[in-house]
Amino acid sequence: MAKHMMTLTVNGDVYELMVSDNQTLLDVIRDTIRLKGTKRGCTTGACGVCCVNNAKGEAVLSCITHALEWDGESITTIEGLEANGELDAIQKAFIEFGAVQCGFCTPGVIMSAKAIVNKYPEPTEEQMNAGLAGVLCRCTGHVKVKEAVRQDHELREAARHAAAK
Amino acid sequence: MLLPDHQYVTTNSLKECLRLLAESREKAMVVGGGTDVIFNMRLKLFQPDVAVSIRKLDELQQVEELTNGGLRIGAGARLADLAEHPAINDRYPAFAESVRAVASTHIRNMATLGGNICLHTRCAYTNNSEEWRKGLNSCFKTEGKICHVIQTSSRCLAINNADTPLALIILGAVLTLQSAGGSREVPIAEFYTNDGMDNTVLRPDELLTHITIPPVSDRTAFLKLAPRQGMDFATVAVAARCDGTGEKVSKVSIVVGSISTNPIILHEPSRIVSEQGLGDEAISAAVDSIRDELGPLTNLFSRASYKRQMANVLVRRVLVALRES
Ligand SMILES: Cc1cc2nc3c(=O)[nH]c(=O)nc-3n(C[C@H](O)[C@H](O)[C@H](O)COP(=O)(O)OP(=O)(O)OC[C@H]3O[C@@H](n4cnc5c(N)ncnc54)[C@H](O)[C@@H]3O)c2cc1C
Ligand code: FES
Ligand code: FES
């Protein structure tokens with residue numbers, strides 16, 4: 001397969017990559033850049049564990065899109081959430097509420113949850129349901145996940161107040 | 001894990017895209033959001049030589065408000081953007097509903113309207129992995145000569161499972177199909193054929209570029225039933241439109257989808273409620289009349305009897321929704 005040069009920004013780092021026509025964005029994240037947080041599940045759009053955020057902070061599925069489609073774009077994966085050694089509020093909330101069991105779905109669920117709070121800092125029940133419907137968890141279910149998503153805002157506010165002091 | 005070998009091409013102008021489609025004949029496949037193209041490539045149901053991306057074509061991503069009150073939507077517009085577009089929600093609530101009914105937020109963040117309209121038919125037998133399919137003989141979709149749904153059928157009976165076309169049909173939307181040789185306008189009601197292998201009149205050298213919806217002041221409704229509400233193809237979906245207010249109507253149209261190879265426009269129930277109004281009795285009579293027009297339910301992701309009953313339920317609900325809107 002012929003390879004093409006492409007530029008992809010992942011978690012703020014710019015990568016110049018040689019990518020073949022038949023690689024998906026997921027293949028490039030896991031196998032070329034070797035960031036293994038993003039999971040490979042169904043590879044057909046049905047499970048959501050390959051979810052990453054696009055430049056607008058929206059949830060997209062990396063398994064059903066050509067990698068070359070993303071030339072020049074910027075994405076965030078689960079590895080990009082922590083900053084300066086500190087976990088993101090949404091990650092802390094997942095830990096606090098036990099929204100994790102086996103953990104396989106967790107990167108996809110967290111990136112989906114992150115997309116929800118990016119768009120709706122205080123999401124309604126309906127907005128949470130819509131944002132989580134495309135990602136499946138076979139252990140925990142969505143109840144604890146939603147508790148964590150609700151908590152995200154409070155943690156963020158608390159951190160903001162602490163920083164202001 | 002890699003997709004089957006093929007060439008991927010990004011086009012930077014509409015002209016370039018149309019030239020490429022003309023040159024590559026049947027060997028090219030347009031990629032809008034890719035959510036269905038890549039799915040089918042994984043299952044080895046699509047094996048294009050060239051995948052032609054239209055994502056960089058800005059002119060296909062606009063929503064233009066027409067002076068007559070209608071809208072002209074680029075085929076490359078993302079479903080997520082259309083679902084929240086103020087003019088769409090304002091003027092065409094049933095269409096907005098049908099857009100939100102497609103798949104999940106994740107997929108709507110990638111998928112395009114053009115891709116939903118041109119969505120290939122699906123089949124309970126064939127839409128499985130290659131390993132699964134090996135247990136059966138090849139069918140029309142896999143270079144065989146039979147249809148597993150009805151073995152004696154001379155054509156593929158896979159179903160049209162897309163949501164937005166139903167709303168667009170009742171709204172009288174018109175599709176602009178462009179090729180290197182020119183452009184033609186096709187009412188979406190005439191776009192679909194009853195051949196599961198080749199279910200639209202779109203030619204391989206053509207691109208769906210725009211969807212034009214005329215101004216509509218009638219009442220409209222869209223309803224979908226799926227195994228899972230959050231993300232699933234429809235078991236049955238229905239869109240309907242009527243004039244008048246309350247129970248009074250003179251013109252009613254009803255379209256049912258996910259039942260057969262093309263969306264079914266129901267004539268008899270429309271006639272009944274157009275004549276008798278939207279009272280409970282007339283609605284019941286209308287529902288009782290749909291059986292013949294639905295024809296045999298063939299390609300079943302769910303039991304035929306259930307599907308038939310749910311078609312009745314949705315037609316009833318959609319008529320009640322019209323009455324109450
Ligand atoms: C898990 C899952 C759930 C889904 N659920 C639903 C659902 O509930 N309802 C539903 O309707 N669909 C559903 N889909 C199917 C699909 O995601 C949607 O139909 C989507 O709208 C397709 O749009 P796309 O832009 O991704 O299409 P693509 O995959 O890019 O294209 C689909 C087809 O249209 C052709 N095409 C695309 N754009 C054009 C154009 N401008 N001109 C000519 N041809 C074109 C392509 O060549 C291809 O044949 C689901 C898919 C998955 C994976
Ligand atoms: S791996 Fe992408 S949706 Fe399942
Ligand atoms: S924690 Fe196991 S699948 Fe979600």
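The values are calculated or read from the model by the stated rules, or taken from the named source; none is laboratory data. Remember, predicted model here, so these are calculated numbers, not experimental data. Here the Cβ is made from the backbone with ideal geometry for all residues, glycine too, and neighbour counts use every protein chain on show. What goes into the accessible areas is simple: the full protein's heavy atoms, side chains included, and nothing from ligands, DNA or RNA. Shrake-Rupley method; radii C 1.70, N 1.55, O 1.52, S 1.80 Å.
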List the residues of segment B:95-116 that lose 20 Å² or more of accessible area once all protein chains are present, compared with their chain alone (1.4 Å probe, heavy atoms only, no ligands or nucleic acids).
-> B:Thr105, B:His106, B:Ile107, B:Asn109, B:Met110
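Using only Cα atoms, what Kirkwood radius does segment A:89-164 have, in angstroms?
Values: mean 1/r = 0.0814 Å⁻¹.
It works out to 12.3 Å.
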Filtered hits (lysines, Cα-Cα < 16 Å from A:Lys144, offset >= 8 within chain) -> A:Lys92, A:Lys114
By accessible area of protein heavy atoms, probe 1.4 Å, what ranking do A:Glu96, A:Glu82 get, highest first?
-> A:Glu96, A:Glu82
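For the pair A and B, how large is the buried accessible area, both sides, in square angstrom to the nearest 100, if the probe is 1.4 Å?
Values: alone 8690 and 15520 Å², together 21420 Å².
Its buried surface, counting both partners, is about 2800 Å².
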Hey, can you list the residues from segment A:19-41 whose accessible area shrinks by 20 Å² or more with all protein chains present, relative to the chain by itself (probe 1.4 Å, no ligands or nucleic acids)?
-> A:Asp21, A:Asn22, A:Thr24, A:Asp27, A:Arg40
Choice from B:Glu26, B:Glu281, B:Glu143 with maximal GNM fluctuation in chain B (Cα, 10 Å cutoff) = B:Glu143
Threshold 40 Å² - residues in segment B:206-245 whose accessible area is reduced by that much or more when the chain is no longer isolated, probe 1.4 Å | B:Met231
What percent of all Cα-Cα pairs in segment B:1-55 falls in each 5 Å bin, counting up from 0?
-> 4, 21, 31, 25, 13, 5, 1
Cα radius of gyration and Dmax for segment B:219-324 (Å) | 13.2, 38
With every protein chain present, what accessible area does B:His106 have (1.4 Å probe, heavy atoms only), rounded to the nearest 10 Å²?
-> 0 Å²
If the cut-off is 14 Å between C-alpha atoms, which aspartates and glutamates fall inside it for B:Lys134, apart from same-chain ones fewer than 8 positions away?
-> B:Glu143
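Of all the accessible heavy-atom surface of segment B:22-157, with the other protein chains kept in place and a 1.4 Å probe, what percent is carbon and sulfur?
On the way: 2810 of 6030 Å².
Using a 1.4 Å probe with all protein chains present, segment B:22-157 comes out at 47 percent carbon and sulfur.
Please compute the per residue accessible area over segment B:69-155 with all protein chains in place, 1.4 Å probe, rounded to a whole number of Å².
Values: 3600 Å² over 87 residues.
Normalised by residue count, the accessible surface of segment B:69-155 is 41 Å².
For Cα pairs less than 8 Å apart in space and 6+ apart in sequence, what is the mean separation divided by the residue count of chain A, i.e. the relative contact order in percent? Don't skip to the end; give the middle numbers.
Numbers: 288 pairs, mean separation 37.0, N = 165.
It comes to 22 percent, rounded to a whole number.
Please state, to two decimals, what the Cα-based radius of gyration of segment B:199-278 comes to when divided by 2.2 N^0.38 Å (N = residues). Numbers along the way, then the final one.
On the way: Rg = 15.7 Å, N = 80, 2.2 N^0.38 = 11.6 Å.
Dividing the Cα radius of gyration by 2.2 N^0.38 Å gives 1.35.
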Restricting to Cα pairs under 8 Å and 6 or more apart, the percent relative contact order of segment B:219-324 works out to 28 percent
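What pairs in A:Lys119/A:Lys165; A:Lys146/B:Lys56; A:Lys39/A:Lys146 have C-alpha atoms more than 24 Å from each other?
On the way: A:Lys119/A:Lys165 27 Å; A:Lys146/B:Lys56 36 Å; A:Lys39/A:Lys146 21 Å.
Going by Cα-Cα distance, A:Lys119/A:Lys165; A:Lys146/B:Lys56 fall outside the 24 Å limit.
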Accessible area of chain A belonging to carbon and sulfur atoms, whole % at 1.4 Å probe = 52 percent
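Antiparallel DSSP bridges in segment B:1-116: what percent, to the nearest 5? List each step's numbers first, then the result.
Working: 4 of 12 bridges.
Of the beta bridges lying entirely in segment B:1-116, close to 35 percent run antiparallel.
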Two-decimal ratio, segment B:56-169, of alpha-carbon radius of gyration to 2.2 N^0.38 Å | 1.35
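Just tell me how shielded B:53-66 is by partners: mean number of partner chain Cβ atoms within 10 Å of each residue's Cβ, no decimals. Intermediate results must be reported in sequence, preceding the final value.
Values: counts 4, 0, 4, 3, 0, 0, 0, 0, 0, 0, 0, 0, 0, 0.
Average neighbour count from other chains, rounded to a whole number: 1.
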Can you check what the Kirkwood hydrodynamic radius comes to for the protein assembly as shown, Cα pairs only, in Å to one decimal?
-> 23.8 Å
For chain B, averaging the sequence separation of alpha carbon pairs under 8 Å that lie six or more residues apart and dividing by its residue count, the contact order in percent is 16 percent
Which trypsin sites (Lys or Arg not before Pro) does segment B:133-212 hold that lie in a coil by DSSP with at most 13 other beta carbons within 10 Å?
-> B:Lys134, B:Lys145
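Whole-Å semi-axes of chain B's equivalent ellipsoid, largest first, each the root of 5 times a Cα gyration tensor eigenvalue?
Details: eigenvalues 205, 131, 51 Å².
Ellipsoid half-lengths, sorted descending, are 32, 26, 16 Å.
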Candidate span helices, chain B: DSSP H, at least 27 Å along axis from Cα coords, Kyte-Doolittle average at least 1.6, result none
Rounded to a whole number, the Stokes-Einstein D of segment B:124-264 in µm²/s (Kirkwood radius over Cα pairs; 20 °C; 1.002 mPa s) is 124 µm²/s
